[in-house]
Amino acid sequence: MGFCRSFHAHSIVNTDVSCYNKCRTEVYGMDVIGKNEIHTIDEIYALPDGQRAELIDGKIYYMAPPNTKHQRLVHFFDREIGNYIQGNNGTCEVFPAPFAVFLNENEKNYVEPDISVICDPNKITDKGCSGAPDWIIEIVSPGSKAMDYFTKLFKYRTAGVREYWIIDPIKERITVYFFERESVEEYSFEEHVPVGIYEGFLIKIP
């Protein structure tokens, strides 16, 4: 896929929209629900109880139930980040999934990141987060790799997310995008990982 492939391999410099749209079609194919239709957030709210989905640029992506390892990691990050914020008298808040994030404050984008850290209280509403969180963590599952590594990477960066972590439990790898410095780093689960938005805060997965 030319440059698109290099972008999927963690290049965060070029955000060409035509490349993004071309790659998204190639990566997802029939995984996109109603790929020729434009959907809205109202359709997400109308889903049957227990059915979760995300909406990106008007396309619906159904979400599979998370496994136990995934949920353990969500709870770990929720505790670690929450304890750090509380212990340092911070004002940011951490929200684990399911938590609604309206990335572009429009009717065509709705995501539920595994972890959302929000430092602007004006963005927090009864419905979720209106706008981009400061820090997002996604935990990769077999069915979400293309979404986490490509589609969400592009959307989170362009929406104004400051920092984005991708956790791969199978490879025991953490990919850290700190968009404010246009940097990307990779760590193993054995390493202490520095948090970009919190100087001096290190996280090591047990």
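The values are calculated or read from the model by the stated rules, or taken from the named source; none is laboratory data. Predicted model only: the values in this text are computed from it and were never measured. Reconstructed Cβ throughout: ideal geometry from the backbone, glycine too, with neighbour counts over all protein chains shown. We work out accessible area using only protein heavy atoms, side chains counted, and drop any ligands, DNA or RNA first. Shrake-Rupley method; radii C 1.70, N 1.55, O 1.52, S 1.80 Å.
Taking the criterion of being out of contact with any Lys or Arg (no Cβ under 6 Å at 6 or more places or on another chain) and surrounded by 19 or more Cβ atoms within 10 Å (Cβ to Cβ), would at least one residue in the stretch 45-55 satisfy it?
Step one: of the stretch 45-55, the residues out of contact with any Lys or Arg (no Cβ under 6 Å at 6 or more places or on another chain) are 45-55.
Next, only the ones that are surrounded by 19 or more Cβ atoms within 10 Å (Cβ to Cβ) stay: 54-55.
Yes, that holds for at least one residue.
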Pick from the stretch 63-77 the residues that are in a helix (DSSP H, G or I) and open to solvent by 40 Å² or more (accessible area, probe 1.4 Å): which of them is farthest from Val193 (Cα to Cα)? Thr68
Picking from Tyr187, Tyr156, Tyr110, Tyr198, which residue would you name as being over 25 Å from Thr68 (Cα atoms), touching a strand residue (DSSP E or B) at 6+ places or on another chain (Cβ under 8 Å) and either of a type outside the set (S, T, N, Q) or surrounded by fewer than 15 Cβ atoms within 10 Å (Cβ to Cβ) (or both)? Tyr156
Note down all Cβ pairs under 7 Å where the first residue falls in the stretch 127-152 and is touching a residue at least 12 places away in the same chain (Cβ under 8 Å) and under 14 Å from Val94 (Cβ atoms), the second is open to solvent by 10 Å² or more (accessible area, probe 1.4 Å) and in a helix (DSSP H, G or I), and they're at least six residues apart or on different chains. Cys129/Lys123
Residues within the stretch 177-196 that are assigned to a strand (DSSP E or B) and of a type outside the set (Val, Ile, Thr), tallied: 8
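Surrounded by 20 or more Cβ atoms within 10 Å (Cβ to Cβ) and either at negative phi or outside any strand (DSSP E or B) (or both) - does that describe any residue in the stretch 122-131?
First pass over the stretch 122-131, keeping only residues surrounded by 20 or more Cβ atoms within 10 Å (Cβ to Cβ): 129.
After this cut, where a residue has to be either at negative phi or outside any strand (DSSP E or B) (or both) as well, the list is 129.
The answer is yes; a qualifying residue exists.
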Among (1) open to solvent by 50 Å² or more (accessible area, probe 1.4 Å); (2) within 26 Å of Gly58 (Cβ to Cβ), where does Glu180 come up short? (2)
Working carefully through the options Ile205, Ile174, find the one that is assigned to a strand (DSSP E or B), buried (at least 18 other Cβ atoms within 10 Å of the Cβ) and hydrophobic (A, V, I, L, M, F, W, C). Ile174
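Working only within the stretch 84-107, note down all residues that are assigned to a strand (DSSP E or B) and open to solvent by less than 60 Å² (accessible area, probe 1.4 Å). Step through it out loud before you land on a result.
Of the stretch 84-107, the ones assigned to a strand (DSSP E or B) are 93-96, 101-102.
Of everything in the stretch 84-107, those that are assigned to a strand (DSSP E or B) and open to solvent by less than 60 Å² (accessible area, probe 1.4 Å) turn out to be Val94, Phe95, Pro96, Val101, Phe102.
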Tally of residues being under 18 Å from Asp78 (Cα atoms) and not in a loop (DSSP other than H, G, I, E, B) across the stretch 132-166: 9
